[in-house]
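Take a look at the structure set out below.
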Amino acid sequence: MRVARERLAARTMGFTESVIREMTRLNAVHGGINLAQGFPNFPAPAQVKEAAKRAIDADINQYAITWGAKSLRDALSRTYADLYGMRVDPETMLTVTCGSTEATLLAIVDPGDEVVVLEPFYENYGPDAAICGATPIFVPLRPPDFTFDPDELRRAFSSRTKAIIVNSPNNPTGRVFTREELEAIASLCRDHDVIAVTDEIYEHIKYSGVHIPIATLDGMAERTVTISGASKSFSVTGWRVGWIVAPPELTAGIRKVHDFVTVGAPAPLQEAVAAALALGRPYYQELAVEYRARRDLLVRALAAAGFAPNTPDGAYYVLCDIRPFGFQDDTVFAHWLVSEVGVAGVPGSSFFSRKELGQHLIRFTFCKTRDVLDEAGKRLRETKALAARRSR
């Protein structure tokens, strides 16, 4: 008799679909205000959109070079030199990708390797490690400041550690790591010959502290994979244009995986991002000012509504404690909030390795216009009364 086999690969069994995207779909069902998924509801800069139109009209509509159009790689090389003093060879150290979460770990991690992950973490990191057959080793960022214990981090490193994922400014906590914290991570990477994979997608959205690429620290350029992209800085999350900076040896492997996974990023949009990078420091400074105002508006509204929000140093998310409303389960609360209050957030447990670590939290985003944030604040002020009515 023929034995039935499992039709799905085992690597798909260890994780669920994106909770963030699930909340966006649920928000659409209830017609709520989407403070769950981190995409702006306001337009990208006009000059960036015009650059995309010009590229399309100029018939730059066929494949670009697999690892990125030369115009964009050259622009990125200039940008990293100007902002951080980094020497990035556009021919051997840059890969333009489809978004910023594409294929890095597949190029550097083997089954049986361990990957250190600071938690709470962006929900992709766990599945990324699982797809590679690696084991994630979690180290907590402890509230209220979301700092890690250097001794705990040291104990997480072993002879099997291949990489550590560092996300600063951090999603979901908004933490911007200090030079001292980055030096501690760098020291362990050097001692254990470990690769630092740094997610720096929010590098220009910060309100306090200084963004320091870990690749700029002593001995780290040759062991760091720096990931960023256009999505957040230029409000073009749907364009899916990201990039990876790495030493030539690692770039060679990353380009191979990128080629066979996605082939290449959209050619006309690469030209537009090259133009966007020319906006430079003044644009980034104004971006941070505008986001600080949105942050302060939402944090005040959440506090007035009875939530217990943190005030992020960077990125565009706020974590809140939901226990004042009598809920013990974040998923139940998030589903209730969007259906009864009309505001969508993300259950905090989706950012942790174990549900119980985050089931008292919810994450909101403030990458929305002031009118939307004002309306969300009005709705959220009804949360306490509606929750009390529910518990009767």
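What the table below lists for this structure:
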item	result
Among 37, 285, 62: highest mean-square fluctuation, GNM of the chain, C-alpha pairs under 10 Å	62
Sulfur and carbon atoms: percent of accessible area, the chain [1.4 Å]	52
P(r) of the range 77-140 over all Cα-Cα pairs, binned every 5 Å from zero, in whole percent	4, 15, 20, 17, 14, 16, 12, 2
Accessible surface, per residue, of the chain when the full set of protein chains is kept, probe 1.4 Å, Å²	44
Pairs from 70/162; 162/256; 206/378 whose Cα-Cα separation, in the structure shown, is over 29 Å	70/162
Size descriptor, Kirkwood hydrodynamic radius, that averages inverse alpha-carbon separations across the chain, Å	21.8
Spin-label pair residue 54/residue 354, simplified geometry with 7 Å Cα→Cβ offset, distance in nm	5.6
Relative contact order of the range 1-111, defined on C-alpha pairs under 8 angstrom at six or more residues apart (%)	15
Sites residue 311 and residue 155, calculated FRET efficiency, Cβ-Cβ separation with R0 30 Å, nearest 0.05	0.50
Cα centroid separation, the range 293-341 to the range 172-186 (Å)	24
Scattering curve values for the range 164-297, log₁₀ I(q)/I(0), Debye with Cα scatterers, q = 0.16, 0.22 Å⁻¹	-0.94, -1.39
Dimensionless Rg/Rh of the range 248-307 - Kirkwood Rh, Rg from C-alpha atoms	1.26
Full-extension gain in nm, residue 10 to residue 178, via 0.36 nm per residue minus C-alpha separation	56.6 nm
Mean shadow area of the range 221-284 over all directions, Cα convex hull, nm²	5.0
Convex hull volume of the range 1-153 per residue (C-alpha atoms, cubic angstrom)	277
Two-site label geometry, residue 375 and residue 65: point separation in nm, points 7 Å out along Cα→Cβ	4.6
List 11, 294, 190, ordered by accessible area with a 1.4 Å probe, largest first	11, 190, 294
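The values are calculated or read from the model by the stated rules, or taken from the named source; none is laboratory data. Keep in mind that what you see is a predicted model, and the values were worked out from it rather than measured. Virtual Cβ from ideal backbone geometry, glycine too; neighbours counted across all protein chains shown. The protein model used for the area step is the full one, side chains on, heavy atoms only, and it has no ligands, DNA or RNA in it. Shrake-Rupley method; radii C 1.70, N 1.55, O 1.52, S 1.80 Å.
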